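*Asks:* My questions all concern the structure below.
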Amino acid sequence: MLKKPHRLILIPLIASALAACDSANSPSSVYEYTTLGAYSADISLDGHYAVIGSQDEGGSLWDIQKNARLFDWNHRKDERSIIAESGFSPEANFAVTANQQDLVLWHTLTGQPEWFWSSPGEILDLAIAADGNFALLGLANHEAVYFDIKNGGIRRTLRHQGRVRSVDLSADTLTALTGSDDYKTTVWDMQSGEAIHQISLNNVIDVVALSPNGDKAFSASNLDTAIIWDTQSGEIQHTLSSTAGLFPKRLSYVAARFSKNGDQLLTGTAAGLIQLWDSSSGNELKRWRAHKRDPYGPTSTSIYAVGFGPGEYYAIGSNGVMNILK
């Protein structure tokens, strides 16, 4: 049985000043959720919880509102697991942590594990259905599988021509979105397992996100194009980043989340830029630059997860720092 850990002492950090040429805002406050860096992170849809896979402490669940570490989540007793991927069910009652081959379903209220399974392939990304009943796994074997996480077994297989790097599910689980290394992003009918629409970009797909009702999709390819598109028609509505023009915006988006009603989109890049978008118009509403542990160092932090909270926004960086954004 896993025991509740001692809480770490949190040290609020003062965000570093941004360069004069950077129009991005600084976080309103930041907190160190790991001693060193992080392997992975996710934020619940309601902005209540965060799960972190850290380099030093292993896996853990956090209460964002209290900035308190609630539970250690490691896959075996007396070890610090390398948590490569994680995700929450829509209502945040359950969460899943995964290394490359194994996944564990956890209760967020008690911190106790529900089930432990071996994956049919190396896990690159995951999305969780309501009540933690199923998980859509993006795998390195060119498949996305809809896995029964409480009873075991694959319910549906979505085959691709490349590694499935990113996946997402609509709230009703009737629609799935995938992004793969064959440069394609695809909307799927989960009842039939058939592809509804597919768009080809010009590089591997780093991240995808669905609005909760499944009508809008965000897909971004590495250092290439980021788009908002309509899942019903398959038409691109807005291009947020592209290689077009004299001075192309070559950004690598690596995290994305639609708001509950789908009217806003929050994104994070590999260079630590967080942006808030109006998903209907494609206009940028606000931007922030993630906190760096070393304000004078040459490297920035990649954004692992973004989320919406009550009157504020959240972003977790690869340095293990939670950024509170207003």
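*Asks:* Of the conditions (1) among the hydrophobic types (A, V, I, L, M, F, W, C); (2) open to solvent by 10 Å² or more (accessible area, probe 1.4 Å); (3) assigned to a strand (DSSP E or B), residue 61 fails just one. Which one is it?
*Replies:* For residue 61, the failing item is (2).
*Asks:* Output the residue which, of all residues in region 65-108 that are farther than 21 Å from residue 120 by Cβ and among the charged types (D, E, K, R), is surrounded by the most Cβ atoms within 10 Å (Cβ to Cβ).
*Replies:* Ranking the qualifying residues of region 65-108, first place goes to 69.
*Asks:* Just to be sure before I move on: is residue 231 more than 26 Å from residue 318 (Cα to Cα), of a type in the set (S, T, N, Q), modelled with pLDDT of 95 or more and open to solvent by less than 10 Å² (accessible area, probe 1.4 Å) in the structure I sent?
*Replies:* So residue 231 passes the test.
*Asks:* Which residue is farthest from residue 275 (Cα to Cα), if the candidates are limited to region 171-186 and must be in a loop (DSSP other than H, G, I, E, B) and within 18 Å of the chain's Cα centre (by Cα)?
*Replies:* This residue is 173.
*Asks:* Still on this model: When only residues in region 33-51 that are of a type in the set (A, V, I, L, M) and part of a loop (DSSP other than H, G, I, E, B) count, which is farthest from residue 83 (Cα to Cα)?
*Replies:* Ranking the candidates gives 45 first.
*Asks:* If you don't mind, there's one more thing I want to ask. What number of residues within region 82-121 satisfy the criterion of being among the acidic types (Asp, Glu) and over 20 Å from residue 169 (Cβ atoms)?
*Replies:* Result for region 82-121: 1.
*Asks:* Separate question: Name every residue in region 76-104 that is in a strand (DSSP E or B) and either more than 18 Å from residue 150 (Cβ to Cβ) or touching a Lys or Arg at 6+ places or on another chain (Cβ under 7 Å) (or both), in order of residue number.
*Replies:* Scanning region 76-104 gives a single hit, 85.
*Asks:* Sticking with this structure for a sec: Among residues belonging to region 209-221 that are touching a Gly at 6+ places or on another chain (Cβ under 7 Å) and open to solvent by less than 10 Å² (accessible area, probe 1.4 Å), point out the one that is farthest from residue 231 (Cα to Cα).
*Replies:* If we take residues in region 209-221 being touching a Gly at 6+ places or on another chain (Cβ under 7 Å) and open to solvent by less than 10 Å² (accessible area, probe 1.4 Å), then 219 is farthest from residue 231 (Cα to Cα).
*Asks:* Now for a separate question. Could you check region 122-148 and list, in sequence order, the residues that are surrounded by 19 or more Cβ atoms within 10 Å (Cβ to Cβ) and assigned to a loop (DSSP other than H, G, I, E, B)?
*Replies:* Residue satisfying the conditions is 129 alone.
*Asks:* Select from region 300-318 the residues that are open to solvent by less than 20 Å² (accessible area, probe 1.4 Å) and either assigned to a loop (DSSP other than H, G, I, E, B) or in contact with a Lys or Arg (Cβ under 7 Å, 6 or more places away or on another chain) (or both) and list them in ascending order.
*Replies:* 301, 306, 307
*Asks:* Pairs, please: C-beta under 8 Å, at least 6 apart or cross-chain, first residue over 23 Å from residue 44 (Cα atoms) and modelled with pLDDT under 70 and in region 239-265, second open to solvent by less than 50 Å² (accessible area, probe 1.4 Å) and assigned to a strand (DSSP E or B)?
*Replies:* Close Cβ pairs (under 8 Å, with a partner that is open to solvent by less than 50 Å² (accessible area, probe 1.4 Å) and assigned to a strand (DSSP E or B)) amount to 242/226.
*Asks:* Turning to a different aspect of this structure: Can you tell me which condition residue 44 does not meet? The list is (1) modelled with pLDDT of 95 or more; (2) within 26 Å of residue 127 (Cβ to Cβ); (3) open to solvent by 10 Å² or more (accessible area, probe 1.4 Å), and all the others hold.
*Replies:* (3)
*Asks:* Restricted to region 149-196, and to residues that are of a type in the set (Gly, Ala, Ser) and within 23 Å of residue 88 (Cβ to Cβ), which residue is most open to solvent (accessible area, probe 1.4 Å)?
*Replies:* Here the answer is 171.
*Asks:* Do you know which of the residues in region 105-121 that are in a strand (DSSP E or B) and free of Cβ contacts under 8 Å to residues at least 24 places away in the same chain is farthest from the chain's Cα centre (by Cα)?
*Replies:* 118
The values are calculated or read from the model by the stated rules, or taken from the named source; none is laboratory data. None of these values were measured; they are calculated from a predicted model. For neighbour counting, all protein chains shown are included, and Cβ atoms are generated from backbone atoms with ideal geometry for every residue, glycine included. The accessibility values were calculated without ligands, DNA or RNA, using every heavy atom of the protein model including side chains. Shrake-Rupley method; radii C 1.70, N 1.55, O 1.52, S 1.80 Å.
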